[in-house]
Amino acid sequence: MSKPITTRWYVGGWVVWLVAIMWLGVVMGSSVGSTGPPPAEVIPYAVIAVAAIVMLVTWIGALVKLGKQHAWGWLATVFVLHLVALGIIGMGVYAVWGPPDTIEIAMRPTTT
């Protein structure tokens, strides 16, 4: 995965996750005093789960790319910040200042 794709999808997943958390708070707040959970709770939970999976996949993709580039400092930074619940900061810093994408090109020797 390229760096722009990885970071856009991660940040997009994080924004969707945050909106779904707020939506869940509204749904749960409106059901105060009721005897059971509202059926509308299922949708925010599903959106939260999908957004979390998108963020996990893109985070792992970024770590794999950093490992292939041998950018061990960046890999450790993105990894540790995500583990201490600051993943959005780690991915943001990676997006702005991270190592550029490298393209490996294999040239076939010509025969004469």
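The values are calculated or read from the model by the stated rules, or taken from the named source; none is laboratory data. These numbers were taken from a predicted model, which means no experiment stands behind them. No Cβ is skipped: glycine too gets one built from the backbone with ideal geometry, and neighbour counts run over all protein chains shown.
Of all residues assigned to the stretch 24-44, at least one qualifies as being modelled with pLDDT of 90 or more and touching a Phe, Trp or Tyr at 6+ places or on another chain (Cβ under 6 Å). For the stretch 49-108, the candidate set comprises residues that are part of a helix (DSSP H, G or I) and polar (S, T, N, Q); within that set, the residue that is nearest to Gly12 (Cα to Cα) is Thr58. Can you tell me which condition Ser2 does not meet? The list is (1) surrounded by 13 or more Cβ atoms within 10 Å (Cβ to Cβ); (2) touching a residue at least 60 places away in the same chain (Cβ under 8 Å), and all the others hold. Exception for Ser2: condition (1).
Any idea how many residues of the stretch 51-85 are of a type in the set (A, V, I, L, M) and exposed (fewer than 14 other Cβ atoms within 10 Å of the Cβ)?
Qualifying residue count, the stretch 51-85: 8.
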